[in-house]
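Below is one structure, written out as structure tokens, with a few remarks after it.
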Amino acid sequence: MKECDIWKKLVDWGTAQHTTSENNKIFHFPLINDSSFIKNLIPEITRVNGNTKNEGINVLNKTLPELSENEDINVLNKTLSELIELIRFYQMDHKKFMPEVWKYKHLLSEHLIEDILTCFLDSDIKPSYNPFLIRWGNFKIDSELINKDIALLLTKWIDKKTIDDKTSKGFHYKFNLLFRSSLDGLSSQAFHQKCDNKGATITIAKTQNSDLLIGGYNPLNWDSENKWRVTMDSFIFALNYNDLKNATVSRINHDNRIHAIGCNKSYGPWFGEGPDLRVSSNSNIWQHKTKSYPKFAKVDSVTIVDYEVFQIVNIVTEKSTYKKTFD
């Protein structure tokens, strides 16, 4: 479910709390002090008391009420204060934020509103409030090659988890498109112009006449300094778009970590000394020779139809601190 829909249902639920506290006919929910209630928020607010039947009002089918600033807003604030802290405003569709949230701006602190608008204007800025995972319904990726399922698989590999790991219930990385060869060209100069000094990146390419996708993860910066970069966190991969369970990931060999990432102005993405995976300038043929990254595809080269490079931004870090939404 999208965050804006959750917000609208939450406000409807809070309004129903105020409305029915006087007549005690429709809902019978206590004021919630436990923030874990948000996990069951959606099914709970859709439940109508069994005694109401035909005279009951299903809150989900109502439009958002217009609340007066001086009267109902204080009651709604008191009712929803604990739960609003768990709304992921940063993940809302920017076009829907103003019409759906702004009329209830009195429920939010000035600092929170300022932080939300700042993050909307600059996607590279991390939120100061509520560093939650991106819900499945809120996750967006501008890609011609991969979908959300593949993106989730890649984040598991970034976190060094297995394909069948079930602990991930959302995304804590954003995929910002930096480069697409079908738009930006195949020159190494174009790649470095778009991708240098952007931090961690994922490179993804579609091979000709097949559903095979190949690529690699660089946890460091790309640059044009003609040097090797050392890391133990990089990997290359191969997967079939329609068969993710048999996807292959190959992590850097410890003994070859000094040749994990090749930064060279004459080439595009370069992984391993082999070269295990290297993109030549102005060519759609990628070179491959296993050395630094074991257990990869057994081919000398592959022909690429298109490739994309994404900046990987971690929106939830160990250093993130939780701040109260209300002053």
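The values are calculated or read from the model by the stated rules, or taken from the named source; none is laboratory data. Only a predicted model underlies this, so the values are computations on that prediction, with no experimental measurement involved. Glycine gets a Cβ as well: all are built from the backbone with ideal geometry, and neighbour counts include every protein chain shown. Heavy atoms of the whole protein, side chains included, go into the accessibility calculation; ligands, DNA and RNA do not. Shrake-Rupley method; radii C 1.70, N 1.55, O 1.52, S 1.80 Å.
Observations on the model:
- Checked against the criterion of being among the aliphatic types (A, V, I, L, M) and more than 20 Å from residue 306 (Cβ to Cβ), the candidates 236, 158 yield just one match: 158.
- Within region 160-218, if we keep just the residues that are hydroxyl-bearing (Ser, Thr, Tyr) and within 18 Å of the chain's Cα centre (by Cα), the residue that is surrounded by the most Cβ atoms within 10 Å (Cβ to Cβ) turns out to be 203.
- Any hit, region 172-187, residues being closer than 30 Å to residue 254 by Cβ and free of Cβ contacts under 8 Å to residues at least 60 places away in the same chain: no
- Candidate set from region 266-295 (those that are in a loop (DSSP other than H, G, I, E, B) and either more than 20 Å from residue 251 (Cα to Cα) or polar (S, T, N, Q) (or both)); member that is most open to solvent (accessible area, probe 1.4 Å): 282
- The residues of region 179-197 that are of a type in the set (Asp, Glu) and in contact with a strand residue (DSSP E or B) (Cβ under 6 Å, 6 or more places away or on another chain) amount to a single one, 196.
Yes/no per residue for (1) assigned to a helix (DSSP H, G or I); (2) modelled with pLDDT of 75 or more; (3) of a type in the set (Asp, Glu):
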| site | (1), (2), (3) |
| --- | --- |
| 103 | yes, yes, no |
| 106 | yes, yes, no |
| 111 | yes, yes, no |
| 117 | yes, yes, no |
| 120 | yes, yes, no |
| 126 | no, no, no |
| 129 | no, no, no |
| 132 | no, no, no |
| 141 | no, yes, no |
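- Selection count where residues are open to solvent by less than 60 Å² (accessible area, probe 1.4 Å) and over 24 Å from residue 162 (Cα atoms), scope region 219-265: 8
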